[in-house]
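Input: a single structure, listed below in structure tokens.
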Amino acid sequence: MDKPVKLIKRTRAYEGAVLDVYDDEVEVKGIHAHWDYIHHDGAAAVVPVTDDGRILMVRQYRHALGRYTLELPAGKVDSPDEPKIECAGRELEEETGYHSDNLEHLIDINTTVAFCDELIGVFVARNLVKTQQNLDEDEEIDVQPWTIEDLIKKIYAGEMTDSKTVAGILAYKNMIENV
């Protein structure tokens, strides 16, 4: 099947540290239109599971939402070709102060398919070893252990809306229930 949209011209409107924004001139059913397109190199997230089965979550302020959120540890790949499992291990340690040699791929998610190509690999980390948090200068993160049951309640109460976190928690719950 042919693509229903033909890209005529792509113009970068903004180049940022995390993403690039483009104005795409496209043809759809013979009509020319302009669509926004955001390129993101990708990221990884981690479901860090403690020995007692709790999940380490990070609480941090998100400027775009104007509030604190509770999320899975995650971060952007350092380069487009960095394996997501390496990114996941690095972000786990940087944000939580725990290391794991036991990372298992859980799922991949595209976060906002209408205008962005960001792909996040989500991993489960077990056998956590305490090390030290290594936050970026502009990060302030509080690490909190949660039960899967309490996290599920927060999701369905609408208190947790971050897509990678919701997908990761629900996929992990499905994984442990179907072992």
Scan region 78-88 for residues that are touching a strand residue (DSSP E or B) at 6+ places or on another chain (Cβ under 6 Å) and either open to solvent by less than 20 Å² (accessible area, probe 1.4 Å) or among the polar types (S, T, N, Q) (or both) and jot them down. Cys87, Ala88
Extreme residue, most open to solvent (accessible area, probe 1.4 Å), among residues of region 119-158 that are over 17 Å from Leu56 (Cα atoms) and at pLDDT 95 or above: Tyr156
Checking Pro73 against (1) over 16 Å from the mean Cα position of the chain (by Cα); (2) open to solvent by less than 80 Å² (accessible area, probe 1.4 Å); (3) not aliphatic (A, V, I, L, M), which single condition isn't satisfied? (1)
Failed item, numbered, when Asp108 is tested on (1) in contact with a Gly (Cβ under 8 Å, 6 or more places away or on another chain); (2) farther than 21 Å from Ile152 by Cβ; (3) crowded, with 19+ Cβ neighbours inside 10 Å: (3)
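The values are calculated or read from the model by the stated rules, or taken from the named source; none is laboratory data. Just so it is clear, the model here is predicted, and its values are computed rather than measured. Please note: Cβ atoms are built from the backbone with ideal geometry, for glycine as well, and neighbour counts cover all protein chains shown. Quick note on the areas: whole protein, heavy atoms, side chains included, nothing else; ligands and nucleic acids left out. Shrake-Rupley method; radii C 1.70, N 1.55, O 1.52, S 1.80 Å.
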